[in-house]
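Here the structure comes first, spelled out in structure tokens, and everything after it is commentary.
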Amino acid sequence: DDGRYLALTAELRQRIDEIASYGVSAKGKVRFPAVRALAMEEFVESTSAKTDKHWKEHVAKIEESAKLKTTIPTTLQAKLRDYQTEGFGWMKRLAHWNTGACLADDMGLGKTIQALALLVDRAPQGPALVVAPASVGFNWEQEAFKFAPTLTPKLFRDWDRDAFFEQLGPGDLAITSYGLLQSEIKLFNTVLH
């Protein structure tokens, strides 16, 4: 503001540009999405940057997730292939440090089984949600009955919505369509936090 300039080295300018691309500046602070934590932690450790309690807790969860045992739940009624076991472990670690992911591969390679393994593993933490096209909701229900008998799949449809949410608990698997999720997002958000 006083008319002075600061000369930055090319290396520092590049580093600042990298950091800026990871976060969003607002009110004199830079906020980074959770998924950027690993990329940013090296920078944070090499500078005098100050982080808040939430950042420290998040980094601790990342470190914990690397040590998680990825044993397939014994109640899952399927034998996972090596790559499916690896996918289950990957999803379990990401779920532990509370970041999203997209498991995508060719059809028929077992994404549903991997997801069911994770849902069985996390069942004691509360109800879970599957959002799928309406045409495959019944398929999710049947797959859960077949491979994850400790889960209780419940199709969310247009009738008796209040009772549906009142009865959800640990081990329940709420299955709904994209459209119904949008129309009842407040209820889903309250129950499945």
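The values are calculated or read from the model by the stated rules, or taken from the named source; none is laboratory data. These numbers come from a predicted model, not from an experiment. Reconstructed Cβ throughout: ideal geometry from the backbone, glycine too, with neighbour counts over all protein chains shown. To get the accessible areas, we keep the full protein, side chains included, count just its heavy atoms, and leave off ligands, DNA and RNA. Shrake-Rupley method; radii C 1.70, N 1.55, O 1.52, S 1.80 Å.
Values computed for the structure shown
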{"read-out": "Residue ID - least open to solvent (accessible area, probe 1.4 Å), chosen from residues in the stretch 21-40 that are outside any helix (DSSP H, G or I) and β-branched (Val, Ile, Thr)", "value": "VAL30"}
{"read-out": "So LEU155, is it in contact with a Gly (Cβ under 6 Å, 6 or more places away or on another chain) and over 24 Å from LEU68 (Cβ atoms)", "value": "yes"}
{"read-out": "Check on LEU173, closer than 30 Å to LYS79 by Cα, in a strand (DSSP E or B) and hydrophobic (A, V, I, L, M, F, W, C)", "value": "yes"}
{"read-out": "Complete set of residues in the stretch 154-192 that are within 19 Å of ALA115 (Cα to Cα) and open to solvent by 100 Å² or more (accessible area, probe 1.4 Å)", "value": "TYR178"}
{"read-out": "Residue check for ASP121: free of Cβ contacts under 8 Å to residues at least 12 places away in the same chain and either among the small types (Gly, Ala, Ser) or touching a helix residue (DSSP H, G or I) at 6+ places or on another chain (Cβ under 9 Å) (or both)", "value": "no"}
